[in-house]
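The values are calculated or read from the model by the stated rules, or taken from the named source; none is laboratory data. Just so you know, these numbers come straight off a predicted model, no measurement behind them. Note that we place each Cβ from the backbone using ideal geometry, even for glycine, and neighbour counts take in every protein chain shown. These area figures cover heavy atoms from the full protein model, side chains too; ligands, DNA and RNA do not enter into them. Shrake-Rupley method; radii C 1.70, N 1.55, O 1.52, S 1.80 Å.
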Amino acid sequence: MRAAELRPVHVLHDAAVLARLLGVETPCCAQLAMSTAGQPVAWGAFVEGNPLSGGWIVDVESPSRRTVSWSGTLAAELFGDEPRTWMRSGQDCFRDFLDEVSPALHRHQRTVCFRPHHRHVLGDVHSAVKLLRDRAGEPFEVLLSPSDLLAPSMLPRLEEHLARMFTHLGPVAAAIMISDVALPDDSAEETGLLAPCPLGQGVLGTPLLARLLHECVPVTTPVILLPQGLDAQRAVLAL
């Protein structure tokens with residue numbers, strides 16, 4: 001059996017849809033990454049919200065002991081452009097947040113897996129690697145989602161940026177979430193944000209992603225995919 005066939009694959013599902021199917025009135029999270037092989041198991045519960053704005057909590061009734069969260073921003077909006085986020089004030093706020101939630105996570109045997117984004121306090125490869133180094137042994141992980149780390153200004157050197165992400169975070173990330181981003185339009189110029197889209201329908205070359213995935217990411221590391229065109233995604237990534 002080829003090594004690629006052993007890699008665990010999960011699909012990101014809308015938690016509200018799953019809740020309705022199960023007769024649950026209120027979903028505990030925004031999305032769930034569910035396994036595609038064997039019995040359905042939730043790898044992680046994805047939550048929205050800004051950890052740096054206060055009021056952020058982990059639902060101990062969640063179907064997964066892993067909560068996947070943005071690292072947060074000092075901006076008023078979740079994806080607002082706020083330079084203070086990357087400065088001392090943002091770093092101090094994030095440190096205080098980690099110190100506050102760590103004891104409760106240990107007590108309830110829960111883990112927070114941060115999903116870096118270029119507008120957030122974990123906004124690049126360096127900050128994500130630093131978190132894992134500085135907080136080794138604590139209940140914190142990092143999810144590598146390359147499309148979240150890309151800003152429109154990075155597209156001219158796309159291959160270089162992707163290679164850096166996979167080289168440094170691929171070996172240490174808790175999972176890899178792979179999706180695409182659409183070609184930038186007027187809205188991207190205005191907001192500084194790229195629009196997500198299914199793999200193969202955007203600017204992230206699938207052969208490059210497949211090569212980096214298999215070269216840089218341990219075969220035991222889960223891959224999370226969007227549900228649209230799942231078979232086609234698995235085929236181009238050789239999963």
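Some notes on this structure:
- All conditions in (1) part of a strand (DSSP E or B); (2) of a type in the set (D, E, K, R); (3) in contact with a helix residue (DSSP H, G or I) (Cβ under 6 Å, 6 or more places away or on another chain) hold for GLU141, with the sole exception of (3).
- Qualifying residue in segment 221-228 (condition: under 20 Å from HIS120 (Cβ atoms), among the hydroxyl-bearing types (Ser, Thr, Tyr) and touching a strand residue (DSSP E or B) at 6+ places or on another chain (Cβ under 7 Å)): no
- Of the helices (runs of 4 or more DSSP H) lying entirely inside segment 167-239, those containing at least 3 residues that are within 19 Å of TRP43 (Cβ to Cβ) and modelled with pLDDT under 95 span 230-236.
- Tallying residues that are out of contact with any strand residue (DSSP E or B) (no Cβ under 6 Å at 6 or more places or on another chain), within 15 Å of PHE114 (Cα to Cα) and hydrophobic (A, V, I, L, M, F, W, C) within segment 31-55 yields 1.
- In segment 108-124, residue least open to solvent (accessible area, probe 1.4 Å) [restricted to those that are in a loop (DSSP other than H, G, I, E, B) and in contact (Cβ under 8 Å) with a residue 60 or more places away in the chain]: VAL121
- Checked against the criterion of being in a helix (DSSP H, G or I) and open to solvent by less than 30 Å² (accessible area, probe 1.4 Å), the candidates SER127, SER153 yield just one match: SER127.
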